[in-house]
Amino acid sequence: MRKGTERLVDLVRKNASPEDAPHAQKYIKTNLELLGVRMPILDSIAKEFFDLHKKDGDLSEVHRTAGELWAVPIYDVKTLAISILRRFRRKLDVSTFDVVKAWWDDIDNWAHCDGMSVYVLGSILLKDDSVISEIMEWTKSDNFWRRRAALTSTMLGNRAGKGDPFWTLTMLNDVLDDDEYYVRKVYGWVLREMGKGYPDFVFEYMMFNKSKFNKTDVKEAVKHLPEDQAKTVMETDFSL
């Protein structure tokens, strides 16, 4: 590890909060060492790095530093790696995907999965959708964090009306019978965010597939639909 990266790790360690760590551990449920560093502090460290490198002509330093941080088996340090990548979201491209796609083999918690998929993969997809075919294959992965990430990677584009809802709905169909809690947990969330940018797609999808979701997912899915559409979905009984 280079000295610059060591300095970042030291900053994280110096801001450890032993009193917060047990509560964070209970919430995050990670097997990694967790120091309890508060997110505003990690964001501040990431911003300092961003300010130093935002004018760089390429992403090589960003990728290298993030990779070195990710290799440290401490939850807070890995979170800093994600925070740094998020700071450079307007620059992220296919080269970033090549760097981070293996990271899901190390992920063991929903916070890292979602931070990476929603904001890092999502930013890449907004700039270059050539990686979507590989991401869509993740729905067939034995790694349930990859299955979850495939769905949530499209949220950033969908909520802004700049994505392709067919990607999401195709992947959702692939995992509708998934037995994994952490995959099923995002069904309603993913549809809710799609409702911000593509309400008609969500309405039509739910009218055909409402019976495949639990009541909580249905309520979540229609949250951003026009009132008449949401009411129609909620009142339609598919059990007959």
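A few notes on this one:
- Looking only at residues of segment 38-80 that are part of a helix (DSSP H, G or I) and of a type in the set (Lys, Arg), we find that the one that is nearest to Asp93 (Cα to Cα) is Arg64.
- Subset tally (residues that are assigned by TED's automatic domain parsing to the domain that holds Lys47, more than 14 Å from Phe50 (Cβ to Cβ) and under 15 Å from the mean Cα position of the chain (by Cα)) for segment 72-104: 2
- Cβ-Cβ under 6 Å pairs, at least 6 apart or on other chains, segment 1-22 side of a type in the set (D, E, K, R), far side in a loop (DSSP other than H, G, I, E, B): Asp20/Gly36
- Number of the exception - Ser83 against (1) under 27 Å from Asp177 (Cβ atoms); (2) crowded, with 20+ Cβ neighbours inside 10 Å: (1)
- Only residues that are in contact with a His (Cβ under 9 Å, 6 or more places away or on another chain) and either of a type in the set (Val, Ile, Thr) or at pLDDT below 95 (or both) were counted in segment 1-58, giving 2.
- Residues within segment 158-171 that are crowded, with 24+ Cβ neighbours inside 10 Å, out of contact with any Lys or Arg (no Cβ under 9 Å at 6 or more places or on another chain) and at pLDDT 95 or above, tallied: 1
The values are calculated or read from the model by the stated rules, or taken from the named source; none is laboratory data. Just so it is clear, the model here is predicted, and its values are computed rather than measured. In this analysis, Cβ positions are derived from the backbone assuming ideal geometry, glycine residues included, and neighbour counts consider all displayed protein chains.
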